[in-house]
Amino acid sequence: MTGQSNDESIEVMLAAAETFPPPPGFAEGSRFSDPAIYEKASGDPEGWWAGWAGELEWFEPWKEVLDWSDPPHARWFEGGRINASVNCLDRHVAAGRGDRIAYLWEAEDADDGSGDGRRGVTYGELLEETCRFANGLRGLGIGRGDVVGIYMPMVPETVVAMLACARIGAVHNVVFGGFSPESVRDRMDVSGARALVTADATLRRGSPVPMKAALDQVLDGLGGLEHVIVLDRCGTDPPMAEGRDLRWADVIAGQPEKCEPERMESEDPLFILYTSGSTASPKGIVHTTGGYLTHVSATHRMVFDLRDDDVYWCAADIGWVTGHSYIVYGPLLNGATSVMYEGAPDYPTRDRWWEIAARYGATILYTAPTAIRTFMKWGDDLPAAHDLSKLRLLGSVGEPINPEAWLWYRHHIGGDRCPIVDTWWQTETGGIMISPLPAITATKPGSATLPLPGIEAKILDGEGHEIEGQGLGGNLVITKPWPGMARTLYREPERFIETYWSRFGQETYAVGDAAFRDGDGYFWIVGRLDDVINVSGHRLSTMEVEAAVDSHPSVAEAAVIGVPDEQTGQAIVAFVTPRDGTSDGVEPEAMTAEIREHVAERIGKLARPARVYYSEDLPKTRSGKIMRRLLRDIATGHDLGDTTTLRDPSVVESLAAQVEAADS
Ligand code: PRX
């Protein structure tokens, strides 16, 4: 990424950069229109964050804003006691806002005639449901510090389950519904989960896809898992194991609508979220309470310029960090009204999102570049057929957005009047780090612009020196602690330090992304520097996929790489040597289908290789090391240069021929 091959694309991006100042009038009524907040925050970052923390409700005030005496172990708001669910719910109800809608939920089958597919869930109702479920969990003996898995569809009960955990001090471990049951099992196993909350099924394009019954095939043998709680979403009536499985309705039956919240320490864990790293085993990112809540409430309010009458729609899934921070905690902390849609964007028709945006009068839409590119492909006429005039702000997250998609989003969705906030952050950062403030920052398509007030980012060369020149790529780092930062990796404290805090010293957070700055100091994020790939905004590890492909009984050896893809950002390509040692007998189509299915079972459909190529050996050096760089060049059709140093150069020719045949 930092090498010469990148310089050309950087120049192209910089040359094309057009600047869009905040639209006229946008700053009126904005709380964040004064650029002086950047200096205010950088002059006294602790005071800045303490100001935001002070807007939350604490049982006991903190004694110290930040303890950074033992980096990389930050302690924010030490001594303070707080409960996340109280701040998300009770606080608003107590202020007389219990009737305010928290979620405008739309089922995928909202128009099935049953009449219950559109629900407005108020803060008051959410509090009652949370308390009842929290009491139910307590009744099962779940409490402070226990890990509770959540594997659920996009329904308000998922939020209830998360907040109920927070209320009683249990640590939620949400697994995205698109991951396979085996992935859920692994994540329950490594986190020692005592309970798992799931649903009978999730609706996908009109049909129920079983969740509970699929889990049954893999959960046996998880000794620590005492309870599986099953929400009835689709009425599919899955088998229930006596003594272990409970229906959601039975867990809450007869439970009081009040539940005494735990007075958590600021640094007590709030949740674990597993994410892919550069090895085959996912990392359990641990976020704690006071600092995380401070960071997500502040950034949600600033970046989205949140106003009282906004109808905010973050179209991510709750199972990813974007959902945790900007569907659940950020919006609820700020008393926002959010849209939540359960299903697929093309069901029953490809304009479902625009119908929803128009129906609820969404004013803010936050989504991923891959979705935007898909909508571009589906055609301008779909959004044009709906009234999107209420939209006033658009957001992008999850991967670099190409300028073409940015400009399309601005014109066809935002009607050329909405600022776009391209927000850079990660599971590890907890909340947004680099992003425009829409009433202040002039935006450029493809740039996440500047670190938010209170955040300090730099670009370092390989030796750790700051790169100040324009357009020179390097390692993105964060140089000051921030309240939402991950505190550790669950049960792997050493790996936390090694992965993020050793490359440039223990006070510098090594992000793992390559980036560069332009003449205005704007940050442009190029992509990952490690083996993490980003497919349609889903973060995956090539090593994890490789291990899954390798475990197929007919595979002797596999190498997996990410390649650029116009639609999905990156795509997964696998190179496989079949077990009989020759590729002659392989029926590529049948074997590819099998491998894809196998990966879907091991990880989830999202990790299936887009293409698989076969050869009798993989390109290796004479010492037997797989040459991944060469595989990348093969897969992208680049000039392969001198391959004579390889153990068996003919392998390369055969693979290159397959790639060429597939592309033509
Ligand atoms: O490479 C960056 C990319 O997504 C990675 C983080 O993925 P994850 O932890 O799954 O979180 C995604 C949602 C916050 C980053 O290391 N990324 C995220 N946002 C952007 C981005 N790349 C460029 N621009 C962004 N706005």
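The values are calculated or read from the model by the stated rules, or taken from the named source; none is laboratory data. Predicted model only: the values in this text are computed from it and were never measured. When we count neighbours, we look across all protein chains shown, and the Cβ atoms used for this are built from the backbone with ideal geometry, even at glycine. Remember, those area values only see protein heavy atoms, side chains included, never the ligands or the DNA or RNA. Shrake-Rupley method; radii C 1.70, N 1.55, O 1.52, S 1.80 Å.
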Q: Go through region 471-497 residue by residue and tally those that are modelled with pLDDT of 95 or more, part of a loop (DSSP other than H, G, I, E, B) and more than 16 Å from the ligand (Cβ to nearest atom).
A: 6
Q: Return the total of residues in region 22-57 being touching a Ser or Thr at 6+ places or on another chain (Cβ under 9 Å) and within 24 Å of Gly414 (Cα to Cα).
A: 3
Q: Scan region 262-291 for residues that are closer than 29 Å to Glu106 by Cβ and touching a Leu at 6+ places or on another chain (Cβ under 6 Å) and jot them down.
A: His287
Q.
Looking at Tyr522, Tyr500 in this structure, which one is under 21 Å from Ala36 (Cα atoms), modelled with pLDDT of 95 or more, within 13 Å of the ligand (Cβ to nearest atom) and in the same structural domain as Ser325 (by TED's automatic domain parsing)?
A. Tyr522
Q. In region 563-588, what residues are over 20 Å from Ser654 (Cβ atoms) and either touching a Lys or Arg at 6+ places or on another chain (Cβ under 6 Å) or open to solvent by 10 Å² or more (accessible area, probe 1.4 Å) (or both)?
A. Pro564, Asp565, Glu566, Gln567, Thr568, Gly569, Gln570
Q | Positions within region 589-637 being open to solvent by less than 70 Å² (accessible area, probe 1.4 Å), free of Cβ contacts under 8 Å to residues at least 60 places away in the same chain and in a helix (DSSP H, G or I), in sequence order | A | Ala590, Met591, Thr592, Ala593, Ile595, His598, Val599, Leu630, Asp633, Ile634
Q: Report yes if Thr441 is touching a Leu at 6+ places or on another chain (Cβ under 9 Å), over 28 Å from Lys480 (Cβ atoms), within 15 Å of the ligand (Cβ to nearest atom) and among the hydroxyl-bearing types (Ser, Thr, Tyr), otherwise no.
A: no
(Q) Being among the aromatic types (Phe, Trp, Tyr), touching a strand residue (DSSP E or B) at 6+ places or on another chain (Cβ under 8 Å), within 14 Å of the ligand (Cβ to nearest atom) and over 20 Å from Val86 (Cα atoms): is that true of Tyr341 here? (A) no
Q. If you go through region 200-208 one residue at a time, do you hit one that is in contact (Cβ under 8 Å) with a residue 60 or more places away in the chain, buried (at least 20 other Cβ atoms within 10 Å of the Cβ) and either out of contact with any Pro (no Cβ under 8 Å at 6 or more places or on another chain) or of a type in the set (A, V, I, L, M, F, W, C) (or both)?
A. yes
Q) free of Cβ contacts under 8 Å to residues at least 60 places away in the same chain, within 16 Å of the ligand (Cβ to nearest atom) and outside any loop (DSSP other than H, G, I, E, B) - does that describe any residue in region 355-362? A) no
Q.
If I ask for residues that are surrounded by 12 or more Cβ atoms within 10 Å (Cβ to Cβ) and more than 15 Å from the ligand (Cβ to nearest atom), which ones from region 369-379 would you list?
A. Thr374, Phe375, Met376, Trp378, Gly379
(Q) When you check Glu546 against the structure, is it in contact (Cβ under 8 Å) with a residue 24 or more places away in the chain, assigned to a strand (DSSP E or B), more than 18 Å from the chain's Cα centre (by Cα) and assigned by TED's automatic domain parsing to the domain that holds Arg602, yes or no? (A) no
**Q.** Residue ranges of helices (runs of 4 or more DSSP H) in region 240-353 with at least 2 members open to solvent by 10 Å² or more (accessible area, probe 1.4 Å)
**A.** 248-252
Q: Enumerate the pairs (first residue in region 423-435 and under 16 Å from His287 (Cα atoms); second residue anywhere and within 6 Å of the ligand (Cβ to nearest atom) and hydroxyl-bearing (Ser, Thr, Tyr)) with beta-carbon separation below 6 Å, excluding pairs fewer than 6 apart on the same chain, so at least 6 apart or on different chains.
A: Thr427/Thr275; Ile432/Thr423
(Q) With over 30 Å from Ala510 (Cα atoms) and open to solvent by less than 20 Å² (accessible area, probe 1.4 Å) as the only criterion, which of Ala358, Ala362, Ala385, Ala405 stands out? (A) Ala362
**Q.** Count of residues meeting criterion [away from the ligand (no atom under 16 Å from the Cβ), within 22 Å of the chain's Cα centre (by Cα) and assigned to a loop (DSSP other than H, G, I, E, B)] in region 549-572
**A.** 2
**Q.** helices (runs of 4 or more DSSP H) lying entirely in region 103-195 (those with 3 or more residues that are touching a strand residue (DSSP E or B) at 6+ places or on another chain (Cβ under 9 Å) and under 27 Å from Val535 (Cα atoms))
**A.** 156-168, 181-191
Q. Which residue pairs have Cβ atoms closer than 6 Å, lie 6 or more positions apart in sequence or on different chains, and pair a first residue in region 106-133 that is within 17 Å of Ala336 (Cβ to Cβ) with a second residue that is part of a loop (DSSP other than H, G, I, E, B)?
A. Thr122/Asp99; Tyr123/Gly98; Tyr123/Arg100; Gly124/Gly98
(Q) Restricting to region 388-402, count the residues that are within 16 Å of the ligand (Cβ to nearest atom) and either surrounded by 21 or more Cβ atoms within 10 Å (Cβ to Cβ) or not in a loop (DSSP other than H, G, I, E, B) (or both). (A) 9
Q: Inspect all residues belonging to region 312-329 and state whether any of them is more than 16 Å from the ligand (Cβ to nearest atom) and hydrophobic (A, V, I, L, M, F, W, C).
A: yes
Q: Report, by residue number, each residue of region 527-542 that is touching a Leu at 6+ places or on another chain (Cβ under 9 Å) and either farther than 23 Å from Thr275 by Cα or in a strand (DSSP E or B) (or both).
A: Val532, Ile533, Asn534, Val535, His538, Leu540
Q: Kindly provide the set of residues from region 638-655 that are part of a helix (DSSP H, G or I) and either open to solvent by 30 Å² or more (accessible area, probe 1.4 Å) or among the hydroxyl-bearing types (Ser, Thr, Tyr) (or both), ordered by number.
A: Pro649, Ser650, Glu653, Ser654
